[in-house]
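**Student:** I have a structure I would like to understand better, so I am pasting it below and will then ask my questions one at a time.
Here, each number is a calculation from the coordinates, and none is a lab measurement. These figures come from a predicted structure and were not determined experimentally. Cβ: placed from backbone, ideal geometry, glycine included. Neighbour counts: every protein chain shown.
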Amino acid sequence: MTTRASTRPRQEGCTASPATLKTISLRKSHSLEKYFKGRFHATRMFKDIADVMTPGFSGKEVRIRGWIWRTRGSGKIVFPTVRDPSGAIQVTVKKGNLPDPQFEDALKALIESSVEITGTVKADERAPGGYEILATSFNVVGFAEAYPIQKDQSEEWLRENRHLWIRSRKMVAILKVRHTVVGAIHQFFRSRGYYEFDPPVLQPNQCEGGSTLFEVKYYDMTTYLSQTWQLYAEAGTFALGKIYDMAPTFRAEKSKTSRHLCEFWMAEMEAAWMELPEVTEVAKEEIKFIIGEVLKNNKADLEFLGRDISKLEVCLEKPFPTISYTEGLDILKKDGMDVEWGKDLRTLEEEGIMRHFDTPVVVTHYPKDIMAFYKPVDEKATAPGPVAKCFDMLAPEGGMEIVGGSERDTSIAELSKYLERDGENPANYQFYMDLRRYGSVPHSGYGVGVERLIQWICGLDNIKDAIAFPRTSTRMTP
RNA sequence: GCCGUCGUAGCUCAGCCUGGUGGAGCGGCUGACUGUUAAUCAGCAGGCCACAGGUUCAAAUCCUGUCGACGGCGCCA
């Protein structure tokens with residue numbers, strides 16, 4: 001910044017010569033060095049709260065910092081409970097153990113005030129959590145105003161105040177699980193030789209007929225926010241072979257359900273030379289791997305969320321079954337739910353099928369007529385009508401669709417035919433057709449709804465809690 | 001897009017059916033209290049009863065419309 005200022009001193013209203021400016025900037029950098037050094041050591045002096053709540057720290061003096069989570073007190077003693085990202089501990093502030101102004105501050109500090117505390121760790125049965133810190137210093141860094149989130153909270157109010165609600169133990173637990181899920185997806189694909197391949201977010205065409213897209217003003221033209229990476233992934237897979245990505249996805253449908261977002265993260269893969277049977281196995285392995293990582297790293301978080309962990313553990317032990325759409329209808333028929341062959345499975349029916357399973361299930365070979373244009377007909381399949389080489393993965397406990405994928409049609413004639421069926425102009429898919437002209441091979445891919453997966457793993461009622469700042473048809477704030 | 005539920009204090013709600021000067025708990029503020037666990041006790045402040053019309057001597061309350069939030073279905077990950 002100093003360099004830039006010195007090149008245009010007049011504009012900055014500065015009359016000093018360039019030489020003077022140089023001297024000033026040197027002096028500044030000396031004090032900066034001191035400043036940086038000081039802060040660096042300060043950071044190392046503070047302990048994580050979870051770490052000091054162990055027998056080894058009893059009787060020792062520590063420094064912690066965080067936010068007041070709950071507080072209560074009387075005239076001469078205050079009990080703020082302080083949280084940091086690792087945990088929460090009760091602090092006991094007694095008048096006389098620290099300077100009076102600090103005691104007054106401790107008494108005055110409202111919930112979510114930020115604090116730095118020095119004191120002795122003590123195991124004490126009277127303290128929630130079994131440990132407390134007897135404060136000898138209580139420094140309020142930022143006094144909080146009356147916190148809007150109290151014990152009585154409506155869903156609407158919590159969403160209105162999402163920027164504050166993410167500090168809650170519930171949201172922190174979910175966000176930690178999310179961190180594991182996202183990391184596991186990268187780890188899964190990278191360790192198996194997949195390349196990360198990033199598609200454009202602004203895309204000129206829609207890909208799955210019927211879905212509503214968000215329009216974006218692009219200079220004096222119109223473009224759309226991506227609702228899938230697929231068309232671009234198919235191009236990428238003929239360059240890199242096996243690819244994956246995790247990216248924001250946008251759907252403008254006005255869905256009002258507990259499992260839809262307008263902006264969500266989709267983890268997708270695409271692989272050349274891969275056909276339907278193999279791609280379904282990759283999807284099963286991926287979901288299994290993610291569950292395993294969450295169970296390894298987030299048991300405490302799942303327990304806090306009240307999740308029945310045995311329902312996840314069983315998914316590691318047992319193979320995920322694969323059934324066809326037609327077999328799915330047979331299962332429903334035995335339960336007295338008659339679905340006409342050719343109709344898509346609705347939420348109710350998916351739920352009905354999944355009542356018979358305690359692991360995720362892959363459902364393949366849906367009727368071609370109700371499937372997207374790029375899902376090829378399986379000539380070898382035996383079914384009452386033409387079926388596509390496609391699959392969904394349904395989660396147990398409700399039958400939510402967590403994965404959707406397919407083999408990709410390589411025939412220009414077939415693709416054109418079904419684009420026209422959907423009222424699309426094949427001419428708008430020039431580059432997609434090109435991929436079929438220059439050495440096409442069988443290839444397949446699928447997408448995982450990251451928030452849906454998190455919703456199921458955490459056992460959340462609503463998908464809006466699986467992401468920090470949910471975007472729906474009726475909410476785009478905060 | 002269709003169907004349903006709900007809008008009253010900063011928050012959570014009662015009051016509405018059967019019209020007659022707007023309530024409680026929590027939180028905030030003031031005071032008391034040296035071991036609290038959602039601390040307790042006393043007091044104070046805080047309201048365009050979503051908005052707009054209508055009926056009526058009189059509307060938070062009855063009627064009509066609008067807006068907003070939430071959920072179910074459809075669509076999908």
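**Student:** Please determine, by comparing only the residues of the stretch A:292-331 that are within 16 Å of RNA strand B (Cβ to nearest atom) and over 21 Å from A:Pro386 (Cβ atoms), which one is surrounded by the fewest Cβ atoms within 10 Å (Cβ to Cβ).
**Tutor:** Within the stretch A:292-331, the match that is surrounded by the fewest Cβ atoms within 10 Å (Cβ to Cβ) is A:Phe304.
**Student:** Test A:Lys95 against the stated conditions and say whether it is surrounded by fewer than 18 Cβ atoms within 10 Å (Cβ to Cβ) and under 16 Å from A:Tyr147 (Cα atoms). Outline the logic, then answer.
**Tutor:** Working: surrounded by fewer than 18 Cβ atoms within 10 Å (Cβ to Cβ): yes; under 16 Å from A:Tyr147 (Cα atoms): no.
It is false that A:Lys95 is surrounded by fewer than 18 Cβ atoms within 10 Å (Cβ to Cβ) and under 16 Å from A:Tyr147 (Cα atoms).
**Student:** Identify, by number, the condition in (1) touching a Gly at 6+ places or on another chain (Cβ under 6 Å); (2) without any contact (Cβ under 8 Å) to a residue 60 or more places away in the chain; (3) more than 16 Å from RNA strand B (Cβ to nearest atom) that A:Lys288 doesn't meet.
**Tutor:** Every listed condition holds for A:Lys288 apart from (1).
Here's the yes/no breakdown for (1) under 35 Å from the mean Cα position of the chain (by Cα); (2) part of a strand (DSSP E or B); (3) loosely packed, with under 14 Cβ neighbours inside 10 Å; (4) within 13 Å of RNA strand B (Cβ to nearest atom):
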| position | (1), (2), (3), (4) |
| --- | --- |
| A:Val62 | yes, yes, no, no |
| A:Gly75 | no, no, yes, yes |
| A:Phe79 | no, yes, no, yes |
| A:Gln102 | no, no, no, no |
| A:Phe138 | no, yes, no, no |
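**Student:** Going through the stretch A:381-412 one residue at a time, which ones are of a type in the set (S, T, N, Q) and either surrounded by fewer than 23 Cβ atoms within 10 Å (Cβ to Cβ) or over 24 Å from A:Thr237 (Cβ atoms) (or both)? First the steps, then the outcome.
**Tutor:** To start, the set of residues in the stretch A:381-412 that are of a type in the set (S, T, N, Q) comprises A:382, A:406, A:410-411.
Matches in the stretch A:381-412: A:Thr382, A:Thr410, A:Ser411.
**Student:** Would you confirm whether any residue within the stretch A:349-369 is of a type in the set (A, V, I, L, M) and surrounded by fewer than 16 Cβ atoms within 10 Å (Cβ to Cβ)? Walk me through it before giving the result.
**Tutor:** Of the stretch A:349-369, the ones of a type in the set (A, V, I, L, M) are A:353-354, A:361-363.
If we keep only those that are surrounded by fewer than 16 Cβ atoms within 10 Å (Cβ to Cβ) as well, we get none.
No, the stretch A:349-369 has no match at all.
**Student:** Taking A:Tyr232 as meeting all but one of (1) touching a residue at least 40 places away in the same chain (Cβ under 8 Å); (2) aromatic (Phe, Trp, Tyr); (3) more than 15 Å from RNA strand B (Cβ to nearest atom), write down the number of the exception.
**Tutor:** It fails just one condition, (1).
**Student:** Would you please list the contacts, defined by Cβ atoms under 7 Å and residues six or more apart or on different chains, that run from a residue in the stretch A:346-366 that is farther than 11 Å from A:Pro321 by Cβ to a residue that is more than 8 Å from RNA strand B (Cβ to nearest atom) and of a type in the set (Asp, Glu)?
**Tutor:** So the pair list comes out as A:Gly352/A:Asp335; A:His365/A:Asp378.
**Student:** Please indicate, with yes or no, whether at least one residue in the stretch A:384-391 is in contact (Cβ under 8 Å) with a residue 60 or more places away in the chain, assigned to a loop (DSSP other than H, G, I, E, B) and within 18 Å of A:Glu350 (Cβ to Cβ). Can you show your working first?
**Tutor:** Step one: filter the stretch A:384-391 for residues in contact (Cβ under 8 Å) with a residue 60 or more places away in the chain, giving A:387, A:389-391.
Right, trim to assigned to a loop (DSSP other than H, G, I, E, B) and you get A:389.
Filter once more, so that each one left must be within 18 Å of A:Glu350 (Cβ to Cβ): none.
No - not one qualifying residue is present in the stretch A:384-391.
**Student:** Same structure, new question: Those residues that are buried (at least 18 other Cβ atoms within 10 Å of the Cβ) and more than 12 Å from RNA strand B (Cβ to nearest atom), I need them from the stretch A:107-117; list them, please.
**Tutor:** Here is the first cut: in the stretch A:107-117, the ones buried (at least 18 other Cβ atoms within 10 Å of the Cβ) are A:107, A:109, A:112-113, A:115, A:117.
Within the stretch A:107-117, A:Val115, A:Ile117 qualify.
**Student:** Which ones in the stretch A:301-311 are touching a residue at least 12 places away in the same chain (Cβ under 8 Å) and part of a helix (DSSP H, G or I)?
**Tutor:** Start the filter on the stretch A:301-311 by keeping residues that are touching a residue at least 12 places away in the same chain (Cβ under 8 Å), which leaves A:301-302, A:304-309, A:311.
Scanning the stretch A:301-311 gives A:Asp301, A:Leu302, A:Phe304, A:Lys311.
**Student:** Only one residue in A:Lys170, A:Lys176 is away from RNA strand B (no atom under 12 Å from the Cβ), among the basic types (Lys, Arg), out of contact with any strand residue (DSSP E or B) (no Cβ under 8 Å at 6 or more places or on another chain) and within 30 Å of A:Glu285 (Cβ to Cβ). Which one?
**Tutor:** Result: A:Lys176 is the single residue among A:Lys170, A:Lys176 that is away from RNA strand B (no atom under 12 Å from the Cβ), among the basic types (Lys, Arg), out of contact with any strand residue (DSSP E or B) (no Cβ under 8 Å at 6 or more places or on another chain) and within 30 Å of A:Glu285 (Cβ to Cβ).
**Student:** Enumerate the pairs (first residue in the stretch A:94-116 and basic (Lys, Arg); second residue anywhere and crowded, with 19+ Cβ neighbours inside 10 Å) with beta-carbon separation below 6 Å, excluding pairs fewer than 6 apart on the same chain, so at least 6 apart or on different chains.
**Tutor:** If the second residue must be crowded, with 19+ Cβ neighbours inside 10 Å, the pairs left are A:Lys95/A:Phe103.
For (1) in a loop (DSSP other than H, G, I, E, B); (2) charged (D, E, K, R); (3) farther than 30 Å from A:Thr71 by Cβ, each residue gets a yes or a no:
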site	(1), (2), (3)
A:Gln150	yes, no, no
A:Leu164	no, no, no
A:Lys170	no, yes, no
A:Lys176	no, yes, no
A:Ile185	no, no, yes
A:Leu213	yes, no, yes
A:Lys217	no, yes, yes
